[in-house]
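No lab work stands behind these numbers, since they all come straight from the coordinates. Every value quoted in this text rests on a predicted model; they were computed, and no experiment measured them. Positions of Cβ are backbone-derived with ideal geometry, glycine not excepted, and every protein chain shown enters the neighbour counts.
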Amino acid sequence: MRSAARGITIALALALAACGGTTSTGGNTATSYQGKTIQLGAILSLTGAGGVYGPSSKKGADLAVEIINNSGGVLGAKISLDTRDDASDKAQSAQVAQTLIQQGNLLALLGPTLSNSAVAVHPLAESFKIPILAVSTTGINIVPNCNAPSTVPCKYVFRDSLGEETAIPTNIKIYTAKAHPKTGVLMVANDDKFSSDGGKIVQNTVGQYGIDLVDTVAFSKLTADFSPFVTKALQKKPDVMFITSLGGIPAKIMIEARKQGFTGQFLGGNGFNTAVVSKQAGAAGQGAESGSAWYLDNTFPSNAEFVKAYRTKYSSDPDQFAAQGYAAILILADAAKRANLTFSDVAGDRSKLRDAMETVNIQTPLGPFQFTSTHDVKQTVWVILMNGSGGFNLLASVNPS
Amino acid sequence: MTQQVLNAIFIGSIYALFAVGYTLVFGVLDVLNLAHSAVFMLGAVITYSLVALHGMPFLPAAVIAVLVCGLLGLLIEFVALRPLRRRNAPPISALISTIGLALIFVAIVEQATPGTLFSWLWQDGANSVRFPAGTVPNPTYHIAGLTIEGTKLGILITSVVLMLVLGYVIRYTQVGRALRAVAENRRAATLLGINVDRVFASTLFLSSALGGLAGILFGLAISDISPYIGRDQVELKGLAVIVLGGMGSIPGAVVGGYLLGLIEVFALVRFGSNVEAGVAFAALFLVLVLRPQGLFGATLRERL
Amino acid sequence: MDFFVQLFTNPVGFYNQHELLIAQIGINAILAIAIFVTFYSGQLTLANAGFMAIGAYTTVIMSLYLPTPLPVNMLAGALLAGLVSVVVGLPVLRLRGVFLAIATIGFVEALRLGVILNVPITGEGQGLHNPTADPLGGIVPILISLPILAYLVWRLTKTRLGQAWSAIREDELAASSNGINVPLYKMIAFIISAVLAGYAGALETHINFFVDPTEYGITRTIQILTFAVVGGTTNVFGPIVGAVFLTALPEIVRQFAAYRDVVNGVILILVIIFRPQGIVGRGGLAIIRPRWWIRWRARERPAAAH
């Protein structure tokens, strides 16, 4: 733990120093950060449907907070992270967000976990002018237009979770380059924003790569028996099956499809990217391909220490969500460092923090991290394959253009 | 298309088994037991618990689970139903108290994670799990271009056998006769010396045992066990089935179950998957409006 | 318990932090009033979530595509709900008891799964973003509407219409043979209930940046039902009390928030078995019956039959 903490601090310090992190306006002005607390909040789905992802984000974030606090904090200021559960319920997410925001002393928020909740919470944060950093939402209209269909960009909403708009097309591109499929079928949950967003992206992308989408089979995310849907999908004998759902659905579809004799390729979205799903799919999922924001054995400088510290603290491997949660704290800590916080004017501090976030440029387990002009993520995409026994193999990595 | 019909028959068996329990209680006690779907879920959860968490082989685990569900039926009777009957409360009260029990059952499982009060029963909280591979042998047969799974075939056979057995019991045994008498006319049955309370208790035991079994078969066939399988999958569809078949009629529940399976699959094939989910309810609505007694129900008696 | 501490020591802060919660309580109370109206006329209809959906979606769709002002949109939503209730009610209201309940459940789910999920203008599964949401100001119309609606419904129960409803509830056959046009009065109750629910749905969009179909399903309906049952259905304040109590409960017992449903279920069973008239039993909060209350009630109905 010690050496990992030291390692991280060194990496952090180096990165910050290298990227001009030690201030643009000559030192931390009037207020010293010593002994102060940077108050952060998080709204995560620790229970409910999103409960597969929320706890990972929390673990990653908690780990980062612990490491930073144990190695001097942010210029001497400690970080405190107040995490609340929204039970994967949109209304509750909004209520919890409001309570947190109006308690009055939080400088920034993380979350919420699900895209479904984000559409309620992000506009709320925007209207209260508090920076919010999404750590797992990858649907469309998260950034910059959190108030879609209005095109006015949201100034306070950011995300460090690679969007499906990047991940899915990259995935399709890599696959078609080597296999040249002709036909595909899309399986999508039409009452789940994440899944239907992914579905839309698939529909908009396949044409470019010469795939003819012969059928779109929509179902309710509450469906238990997928056999009739799979039967329908396989009628046209597609080369590829796109599955954009999350939770337990991808594994079920893959298993059923293999049972019914499908030998083609599974291509998916972010829903594929946790060990839980790979394990559920088991042998049926072997070779299922998706674009991911993170890969366990990636060679970025701060990743190895992150993985080691995580394994030490939690006795298990981190996943993409943990990495994104961890990175989020790094991002906020870096921005806090450069923001010349007063620790007395909360509204002013939130605004300064927001400004500083836009110019973040640090090393994280996700790789070198910067926000795009639309507060979105610009990073390497890892194309991974399920290995049939609960893990993933790396197929390719695509660097940001 | 034939594959789809097969799909329909398999899911229909589960609907039918579930609905039989539902309709049994309605026919005999005049009560819609909305805790039935929670018992369905607990059947699967308990079996899973015994198999995956405590290492028991499937068959004994299933038998125990079915018995426990039967006992839960007794719990429902004694806690939620009997006190209301003593007070001559209107039937809607029973509806509501069974809703309350269902809420409790589901919440208990939903909150059970490692380290909590009920972690001996369930550790996956709100998540969905499946029986460990190899719990039951499950060969897949490919005949004439169709895919037939061993488990699904087994479920079909089990359901049919059970329904035949139930039919026999109801029709030809003492217990069955008492049941039918009470269903027909409670007061007359009392006068005939039938212990109505005991009949109610047995009905609930039987119905819940069947419901629990349906849950186990569901978990096996669909590979999905979670706190919500009762509520999301069968509760409302079960309603549609017994309305279709006629409330209080067992053959109605059976036919209704298969019918719903077929209607759903047909809607999926013909109109696309978007419509499939709403079909059960559209059917329910139509039946209630056009022929409230369903296919086999007696002409509507005043139920409130 | 710090919930209550804050309520009394820092009411302004309490209000600010829990505004959305208070607004939600207000909405739930209006929904509870809606289901009260049908209960009062002896009908167990569980269609309110569906009418809510109609109110909410109409409001949002109109705000998105038409230049009409928000109040007009909300009114349109409520009225459309009323209109649909006529279409739904005509075939359904002659059913009794459990069958009526099931039919109305069928309507709600058919609306949600069959219509909302399939008509592009509703945004289908993804829902619609609501441009008129105003989390800070949205509570105002709710806090204004609630007492007005409660009062109106309360007055309504005192009129001949209300008495007809009571008669129908007590004994439909007798009421009918006494010359009361039962189907008509039942329909009126159903329509009023639908309009109220539609209005509540429209109001809820104020505090919701987003509307989507999962909000308006069977779980919502059962939730509303529990408000009415726990609160008591003898007069209009019962469901309101039930709504306030049950919506605020998870906040109050935050430690047990995870077990909220268990608590809800237990409360439901305890109430229905031991105190079926609900918290607000026959004639006002049975818990508190001060002298002046009893005297005031007696004066209100000098010639009361019972």
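A few comments on the model shown:
- Label point 7 Å beyond Cα of residue A:346 along Cβ direction - residues of the range A:101-134 with amide nitrogen under 11 Å: A:101-108
- Inter-label distance for residue A:355 and residue A:105, nm, one decimal - labels placed 7 Å from Cα along Cα-to-Cβ: 2.5 nm
- Residue list for the range A:45-87, given a label point 7 angstrom along the Cα-to-Cβ vector of residue A:32 and an amide N cut-off under 12 Å: A:76-77
- Note: relative contact order over chain A, using C-alpha pairs below 8 Å and six or more positions apart, is 19 percent.
- Computed from the C-beta positions of residue B:54 and residue A:183, the FRET efficiency with R₀ = 35 Å rounds to 0.15.
- Exposed loop sites were defined as trypsin sites (Lys or Arg not before Pro) in DSSP loop states (anything but H, G, I, E or B) carrying at most 13 other C-beta atoms within 10 Å; in chain B the longest segment without such a site runs B:88-300.
- Compactness of the protein assembly as shown as Cα Rg over 2.2 N^0.38 Å, two decimals: 0.96
- Net +/- balance of residues flanking residue C:274 in space, Cβ distance below 13 Å, scoring K and R +1, D and E -1: +3
- Euclidean distance between Cα centres, the range C:18-52 to the range B:64-81, Å: 33 Å
- C-alpha center-to-center spacing [the range B:137-193, the range B:223-249] in angstrom: 16 Å
- Label point at residue C:87 placed 7 Å out along Cα→Cβ; residues across the range C:43-69 whose backbone nitrogen lies under 16 Å: C:50-59
- Loop-resident sites, the range B:144-241, for GluC sites (Glu not before Pro), counting at most 10 other Cβ within 10 Å (DSSP): none
- Ordered by the count of other Cβ atoms within 10 Å of each Cβ, fewest first, C:206, A:122 give C:206, A:122.
- Out-of-range pairs (alpha-carbon distance over 26 Å; input A:155/A:308; A:58/A:90; A:90/A:279): A:155/A:308; A:90/A:279
- Cross-link partners of residue A:78 among lysines (Cα-Cα below 17 Å; sequence separation of 8 or more within a chain): A:36, A:337
- FRET efficiency estimate (nearest 0.05) - Cβ-Cβ, residue B:116 to residue B:190, R0 51 angstrom: 0.65
- Spacing of the modelled spin labels on residue C:277 and residue A:150, each 7 Å from Cα toward Cβ, amounts to 5.1 nm.
- Per residue of C:161-170, other chain Cβ atoms within 10 Å of the residue Cβ number 0 on average.
- Centroid-to-centroid, using Cα positions, the range A:102-180 and the range C:193-240 are 30 Å apart.
- Qualifying trypsin sites (Lys or Arg not before Pro) in the range C:99-195, where qualification requires a DSSP coil assignment and no more than 16 other C-beta atoms within 10 Å, are lacking entirely.
- Two-site label geometry, residue A:203 and residue B:174: point separation in nm, points 7 Å out along Cα→Cβ: 6.5 nm
- Rounded to the nearest 500, the 222 nm mean residue ellipticity of chain B from helices alone is -22000 deg cm²/dmol, with -39,500 (n - 2.57) taken per DSSP H run of at least 4 residues.
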